[in-house]
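Engineer: Please read through the structure below; I'll follow up with questions.
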Number of protein chains: 2
Amino acid sequence: MPANLFAALPASPLPDELVETLAAAAGVRIERIVSTGHCSPPGFWYDQEEDEWVALLAGAAGLRFEDEAEARTLKPGDWLLIPARRRHRVDWTDAAAATVWLAVFFRRGESA
Amino acid sequence: MPANLFAALPASPLPDELVETLAAAAGVRIERIVSTGHCSPPGFWYDQEEDEWVALLAGAAGLRFEDEAEARTLKPGDWLLIPARRRHRVDWTDAAAATVWLAVFFRRGESA
């Protein structure tokens, strides 16, 4: 039977985000990430070598780009593309329920 | 603001599935597919050159592999990997509400 993106969610807060690779191949990686109130440390910015397409599937989060004044509030179904090297951080995630992200990492720059 | 996977769903059945490419790069393509009761024609099998990671996010569907006796019933959150060349078809999708698929096509065979 298929696996489910909303299965095996932690019942209580975890010390770290739960990151699981669902599929991977040369140049692409699909991850489920579960946050339980996690946010990026103060002053920390992700600065990734890969492009990231990410959707929030459950919960809620504030995603901040360094080049934007305010965090974007994400609700279930919201998705966006984070180009490589666009610095960003997670200001907050829902403290009351698990936040489920689906992330696809890839390298746009690679040749076909 | 971000786009939303559950936005702009058709209010009534469409003649064809609604397929939108959300992101694409060399060797990877992310699509939202909306079915409104669509199924594969009798005797038709998908026989794809690419690997497909697919999740059902809303609605319901019956996904049949040629090498399995019965269709798998998919509910929201269910996901699976369909390897290239594994023949499959969609036996049915929910006739009463939109079925939303998220599909990531990629080529596992390509070199890193």
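The values are calculated or read from the model by the stated rules, or taken from the named source; none is laboratory data. All values derive from a computational prediction rather than experimental measurement. No Cβ is skipped: glycine too gets one built from the backbone with ideal geometry, and neighbour counts run over all protein chains shown. Note: areas computed on protein heavy atoms with side chains; ligands, DNA, RNA excluded. Shrake-Rupley method; radii C 1.70, N 1.55, O 1.52, S 1.80 Å.
Engineer: Which condition breaks for B:HIS88 when tested against (1) open to solvent by less than 20 Å² (accessible area, probe 1.4 Å); (2) under 18 Å from A:LEU57 (Cβ atoms); (3) within 15 Å of the chain's Cα centre (by Cα)?
Structural biologist: Result: B:HIS88 fails condition (2) only.
Engineer: On to the next question. Filter the range A:15-29 down to residues that are open to solvent by 70 Å² or more (accessible area, probe 1.4 Å) and hydrophobic (A, V, I, L, M, F, W, C), then give me how many there are.
Structural biologist: 1
Engineer: Determine which member of the set B:SER40, B:SER12 is open to solvent by less than 20 Å² (accessible area, probe 1.4 Å), outside any strand (DSSP E or B) and of a type in the set (Gly, Ala, Ser). Give the derivation first.
Structural biologist: Details: B:SER12 fails: open to solvent by less than 20 Å² (accessible area, probe 1.4 Å).
Only one candidate qualifies: B:SER40.
Engineer: Please specify each residue of the range A:68-112 satisfying the condition of being facing chain B (nearest Cβ under 7 Å) and either under 21 Å from A:GLU17 (Cα atoms) or assigned to a strand (DSSP E or B) (or both).
Structural biologist: Scanning the range A:68-112 gives A:ARG72, A:LEU74, A:GLY77, A:ASP78, A:TRP79, A:LEU80, A:LEU81, A:VAL104, A:PHE106.
Engineer: Within the range A:2-44, which residues are within 14 Å of B:ALA55 (Cβ to Cβ) and either in contact with a Ser or Thr (Cβ under 6 Å, 6 or more places away or on another chain) or not polar (S, T, N, Q) (or both)?
Structural biologist: Residues satisfying the conditions are A:PRO2, A:ALA3, A:LEU5, A:PHE6, A:ALA7, A:GLU20, A:LEU22, A:ALA23, A:ILE30, A:GLU31, A:ARG32.
Engineer: Among what's in the range B:12-28 and is within 14 Å of chain A (Cβ to nearest Cβ) and within 13 Å of the chain's Cα centre (by Cα), pick the residue that is nearest to B:ARG108 (Cα to Cα).
Structural biologist: Out of the qualifying residues, it is B:THR21.
Engineer: Looking only at residues in the range A:43-67 that are part of a strand (DSSP E or B) and of a type in the set (Gly, Ala, Ser), which one is most open to solvent (accessible area, probe 1.4 Å)?
Structural biologist: A:ALA58
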